[in-house]
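Heads up: the structure comes next, in structure tokens.
The values are calculated or read from the model by the stated rules, or taken from the named source; none is laboratory data. Keep in mind it's a predicted model, so treat the numbers as computed, not measured. Methodologically, a virtual Cβ is constructed for each residue, glycine included, from the backbone with ideal geometry; neighbour enumeration extends over all protein chains shown. In case anyone asks, the SASA skips ligands and DNA or RNA and just uses the protein heavy atoms, side chains included. Shrake-Rupley method; radii C 1.70, N 1.55, O 1.52, S 1.80 Å.
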Amino acid sequence: METKQWYMEYKIHKNRPGLLGDIASLMGMLEINILTINGVEDRTRGMLLQTNDDEKIELMGKMLKKVDNITVSALRAPKLVDILAVRHGRYIERDSDDRKTFRFTRDELGLLVDFLGELCKQEGNQVIGLRGMPRVGKTESIIAGSVCAKKRWTFVSSTLLRQTVRSQMSDDEMNPSNVFIIDGIVSTMRSNEKHHMLLREIMAMPSTKVIEHPDIFIRESEYTYDTFNVIVELRNTPEEEISYESFTNFDNDGF
């Protein structure tokens, strides 16, 4: 049987001395390897486990139900959010109604970069939307995430240094393994037909696209919310409102 990874999470009711050692000893007797372990938020511990026998995981879960000091709250194949929770010691905030949306604040840039890096590592078509006010760190986070994924990043449109609106790219730049960075406002409201043709070609590629200001991109183009695999929100503070009015009102003659 192939070796597989599992994520286990348990809540601690009484953190008595030797509790972790007892749990680790049980896993050792079952030949279940502990790859990573960390505290995840208050009185909760997460583990990444590895075994080549699914029945051992099932047996361990049943045995741990008899341990009064803990309650197992998760025992499953690891999701990306589980891996990052063990790595960083906290869960990414997720919208309760829209499970596609993940929220970060500026003091969590390290976690955001790691999250984007893991998304960029995935093969095939990935469309990521990134909401946030100007100068909150959106573009910098995308670039850092691309570096973490060891992928080349390419600007299709941007306002990072000066307004960038590409109308053509070299064969090397059009490599599907690249990460394409698109400013949703610039590409839909401040560009020309040649850029739109290039944009359609890139959107059809089996590659990772990160689109800043996805709501404007959806409003001003033929693409819909369903186009996006993930939506990320980045704020300076948790209470900050993301509003587009202040930076979408412009004079077309100025561009």
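Here Tyr225 and Asp107 are evaluated by their C-beta separation; at R0 = 30 Å the FRET efficiency comes out at 0.60.
So I have [x] 1.08; [y] 0.96; [z] 0.98, and one of them is Rg/Rh (Cα atoms, Kirkwood Rh) calculated from this model. Which one is it? Looking at Rg/Rh (Cα atoms, Kirkwood Rh) for this model, the match is [x]. Around the amide H of Asn125, modelled in the peptide plane, lie the amide H atoms of Ser207, all under 5 Å away and 5 or more residues distant in sequence or on another chain. Taking amide H as placed 1.01 Å from N in the peptide plane, Arg235 has its amide H under 5 Å from the amide H of Phe104, Thr105, Arg106, each at least 5 places away in sequence or on another chain.
Using packing as a proxy for protection, rank 183-194, 49-60 so that the peptide with the highest average count of other Cβ atoms within 10 Å comes first.
My ranking of the peptides, most packed first, is 183-194, 49-60.
Going by a ≥ b ≥ c, the root eigenvalues of the Cα gyration tensor, does region 145-255 fall in the rounded group (a/c under 1.5), the prolate group (a/b larger than b/c) or the oblate group? The shape class here is oblate.
Determine the shape class of region 4-81: with a ≥ b ≥ c the square roots of the Cα gyration tensor eigenvalues, call it rounded for a/c under 1.5, and otherwise prolate if a/b is greater than b/c, oblate otherwise. It would help to have the intermediate numbers written out before the result.
Values: a/c = 1.64, a/b = 1.22, b/c = 1.34.
Since a/c reaches 1.5 but b/c is at least a/b, the shape of region 4-81 is classed as oblate.
Measuring against 26 Å, Cα to Cα, the residue pairs Lys14/Lys100; Lys11/Lys79; Lys100/Lys121; Lys79/Lys121 contain Lys14/Lys100 as the ones spanning a longer distance. Within the accessible area of region 14-67, the carbon and sulfur atoms contribute 50%, probe 1.4 Å, all protein chains present. Here the chain is treated with +1 on each Lys and Arg Cβ and -1 on each Asp and Glu Cβ, and its dipole about the Cα centre works out to around 760 debye.
For region 96-255, the carbon plus sulfur part of the accessible surface works out to 47%, probe radius 1.4 Å. Highest average first, the peptides 112-118, 174-180 ordered by how many other beta carbon atoms sit within 10 Å of their residues are 112-118, 174-180. How high is the FRET efficiency between Glu140 and Met174 when r is their beta carbon distance and R₀ equals 22 Å, given to the nearest 0.05? After rounding to 0.05, the efficiency reads 0.40.
Ratio of alpha-carbon Rg to the 2.2 N^0.38 Å globular estimate for region 1-142, to two decimals, please.
Scaled against compact globular proteins, the figure is 1.21.
For region 212-247, backbone nitrogen atoms closer than 14 Å to the point 7 Å from Thr164 Cα along Cα-to-C-beta are found at 212. Amide H contacts for Thr101 (H built 1.01 Å from N in the peptide plane; partners 5 or more residues away or on another chain; cut-off under 5 Å): Asp95, Ile231. Sequentially through region 179-186, phi angles give Karplus couplings (6.51, -1.76, 1.60; θ = phi - 60°) of 9, 9, 9, 10, 8, x, 6, 4 Hz, Gly and Pro residues having no value and appearing as x. The residues of region 1-91 expose on average 57 square angstrom of accessible surface per residue, using a 1.4 Å probe on protein heavy atoms.
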